[in-house]
Amino acid sequence: MKTNVPLVNFRRLSLPMPWWLVMWFVVPYLLWQVAKATVRLMPVLWRNRTSVTLAALAVWLWHRHGWEVLALVAGVAGATVGVWWWQWRPWCERFVVLPALSWWQRLFVYQLHWREAMTVCRLAERFDGKLNVPRLLRVRCTYATDEVVLRMPRGQNPDDYHAAAANLAYSFGARICRVYSGRRDMPPTRRGRWAWLLRLVDRVRYRDRPRVVWLVFVRRDPLRRTVPAFDVPETTDLEALPLGLREDLVRYVLRLLATHVLIVGATRAGKGSVQWSLIRALAPAIRSGLVRLWGIDPKGGVELSLGRQLFSRYEYATVPPMVAMLEELVAVMRERQARMQGKTRAHTPTLDEPLYVLMVDEILALVALLQDVDLRTRAKAALAMLLTQGAGLGVLVVGATQDPRKEVVELRDFFPTRIALRLNEPNHVDLVLGQGSRARGALCDQLSARPSMRGIGYVVLDDRPEPERVRFAYVTDDEIRDMAVAYAAPEVVKPKPAPIPRQGRHTNKQKHTAGPLLPDSLAGLLDEDPA
């Protein structure tokens, strides 16, 4: 029986070495490995400095004073938080509860499974034998969502995370994951003595970081409940009009200055919630005359007639006055354009030069459904003129429609702000919000048609391709009537036409420059004395 015999006798080749020589090589190698592990561990310890500090403090108390003192300290801390929650709940939520929830979610939900989830979702890149995983920067929680901020490895772009959004959501135990390539919040307006210092801080906080991506995991849907109408503000901020709630239960504000708004939704999807929330936010400016609201309701005044007193101009009965109103607004825009020429490029609303807001309840009826070709052409030309030139001149258009047909889609690109509520077909989403919007998470065709879920939609801005899911506030009929009485628009006095001067005798020098155009044989009759 043959056995495997080594060809070389290694025992004979082994050389005896003294122990001090072995330690001379082994100890530096071990120290080098410990130093490398420490350097790699330091960023992890720094990112989890809160957890490390609390753990070190607990171990020190237990070792120094025993578990009784540790339990006593924990009980006192819990009682303090309970009293704080009872007396000052909003402050306790902001400084204790939500930070503690963020710490828990980061440590035991995201960081624990981060490397595995990124690798399985194919978001980890291998280079030079090393696996580059997206770096977890911050986790901030609300009662409904988790906002996870990460830094992408080189060679990736936000579209990779849009494509893996569904896999990421289920990997971390959520139903929905929304991806944003920029900060969702705008820098706040700073006023006061220290405003200059806060602006410098905001410049660093809100700087552009192309490699940073925001992932919003929705743990529960907070938009199932109807959002009641907000109180009418004391003053109108045209750069931040409160219209509804976002998924993280933060108020959604709309910047109306220098933009047009398109609202598209199926029948009974809640377009009225968007319109009346916008009007409610503008109510103080309407009453003061800073904003002049014009309305066109081709559906016979069913939607906008409840707040008739809020409109400076309102047409609903027949089509010719509606088209005439559009052309009159174009004339107003032309006059303002002539006054602004050579002075300024952006309009600032004042009482003398107010902001004009035209609200068209069914824009499709004016650009596609009119049987009169001449009226349809005039209406479409006037709307195109307002949409292409009116934003910078303080003449804005808020249009609503039910059917995103070709005629409306042609005007879609002229609306920088687009709002899509429940739609009937999946391809309608990209028609309304832009190409690729449904792939980025605007699932308008999957919104529920139940009456309790009306007013939910997605908002897309021209400078931000990611859709924002919002539930707009519901304004009841009684609230509309009360608002129309309390914030009625002031009457606009139209200037009287200049009186026509009475014509006297005509001389030979005037007969060809003034008066009726008559032949020379009859023009002399006007110069004769009637006596």
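Couple of notes before you dig in:
- Within the set Ala71, Ala37, the sole residue that is at pLDDT 80 or above, more than 23 Å from Tyr161 (Cα to Cα) and open to solvent by less than 100 Å² (accessible area, probe 1.4 Å) turns out to be Ala71.
- Verdict on Leu383 being open to solvent by less than 70 Å² (accessible area, probe 1.4 Å), in a helix (DSSP H, G or I), in contact (Cβ under 8 Å) with a residue 24 or more places away in the chain and not charged (D, E, K, R): yes
- Boolean, Tyr170 is in contact (Cβ under 8 Å) with a residue 12 or more places away in the chain, part of a helix (DSSP H, G or I), in contact with a strand residue (DSSP E or B) (Cβ under 9 Å, 6 or more places away or on another chain) and under 23 Å from Gly441 (Cβ atoms): no
- Verdict on Met333 being assigned to a helix (DSSP H, G or I) and among the aliphatic types (A, V, I, L, M): yes
- Verdict on Val216 being touching a helix residue (DSSP H, G or I) at 6+ places or on another chain (Cβ under 6 Å) and either part of a helix (DSSP H, G or I) or under 29 Å from Val261 (Cβ atoms) (or both): no
- Residue in the stretch 366-375 that is surrounded by fewer than 23 Cβ atoms within 10 Å (Cβ to Cβ), charged (D, E, K, R), under 17 Å from Ala324 (Cα atoms) and free of Cβ contacts under 8 Å to residues at least 60 places away in the same chain present: yes
- Identity of the residue in the stretch 306-326, touching a Lys or Arg at 6+ places or on another chain (Cβ under 7 Å) and farther than 14 Å from Val357 by Cβ, that ends up least open to solvent (accessible area, probe 1.4 Å): Val323
- Condition check for Val81: part of a helix (DSSP H, G or I) and of a type in the set (A, V, I, L, M, F, W, C): yes
- Search result, residues across the stretch 423-437 that are under 18 Å from the mean Cα position of the chain (by Cα) and buried (at least 23 other Cβ atoms within 10 Å of the Cβ): Val429, Val432, Leu433
- Condition met for Phe108 (exposed (fewer than 11 other Cβ atoms within 10 Å of the Cβ), within 22 Å of Ala55 (Cβ to Cβ), without any contact (Cβ under 8 Å) to a residue 60 or more places away in the chain and not aliphatic (A, V, I, L, M)): yes
- Answer residue from the stretch 180-198, given it is in contact with a Lys or Arg (Cβ under 7 Å, 6 or more places away or on another chain) and outside any helix (DSSP H, G or I) and is most open to solvent (accessible area, probe 1.4 Å) among those: Arg190
- Residue within the stretch 85-93 that is part of a loop (DSSP other than H, G, I, E, B), at pLDDT 80 or above and open to solvent by 80 Å² or more (accessible area, probe 1.4 Å) present: yes
- Boolean, Gly457 is at positive phi and either surrounded by 14 or more Cβ atoms within 10 Å (Cβ to Cβ) or modelled with pLDDT of 90 or more (or both): no
- A residue that is within 30 Å of Ala338 (Cα to Cα), not in a helix (DSSP H, G or I) and not acidic (Asp, Glu) can be found somewhere in the stretch 417-434.
- Residue in the stretch 228-242 that is open to solvent by 60 Å² or more (accessible area, probe 1.4 Å) and touching a Gly at 6+ places or on another chain (Cβ under 9 Å) present: no
- Evaluating Thr350 against the criteria (1) open to solvent by less than 70 Å² (accessible area, probe 1.4 Å); (2) more than 19 Å from Phe414 (Cα to Cα); (3) part of a helix (DSSP H, G or I) leaves one unmet condition, (3).
Conditions (1) over 25 Å from Arg440 (Cα atoms); (2) under 29 Å from the mean Cα position of the chain (by Cα); (3) in contact (Cβ under 8 Å) with a residue 12 or more places away in the chain; (4) open to solvent by 60 Å² or more (accessible area, probe 1.4 Å), marked per residue:
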| site | (1), (2), (3), (4) |
| --- | --- |
| Gly75 | yes, no, no, no |
| Ser102 | yes, yes, yes, no |
| Leu131 | yes, no, yes, no |
| Gly155 | no, yes, yes, yes |
| Arg178 | no, yes, yes, no |
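- Where a residue in the stretch 328-357 is free of Cβ contacts under 8 Å to residues at least 12 places away in the same chain and β-branched (Val, Ile, Thr) and its partner, wherever it lies, is exposed (fewer than 12 other Cβ atoms within 10 Å of the Cβ) and in a strand (DSSP E or B), with Cβ under 9 Å and at least six apart: none
The values are calculated or read from the model by the stated rules, or taken from the named source; none is laboratory data. Keep in mind it's a predicted model, so treat the numbers as computed, not measured. Because the Cβ atoms are built from the backbone with ideal geometry, glycine has one as well, and the counts that use them run over all protein chains shown. Side chains are part of the model used for accessible areas, which takes the heavy atoms of the whole protein and leaves out ligands, DNA and RNA. Shrake-Rupley method; radii C 1.70, N 1.55, O 1.52, S 1.80 Å.
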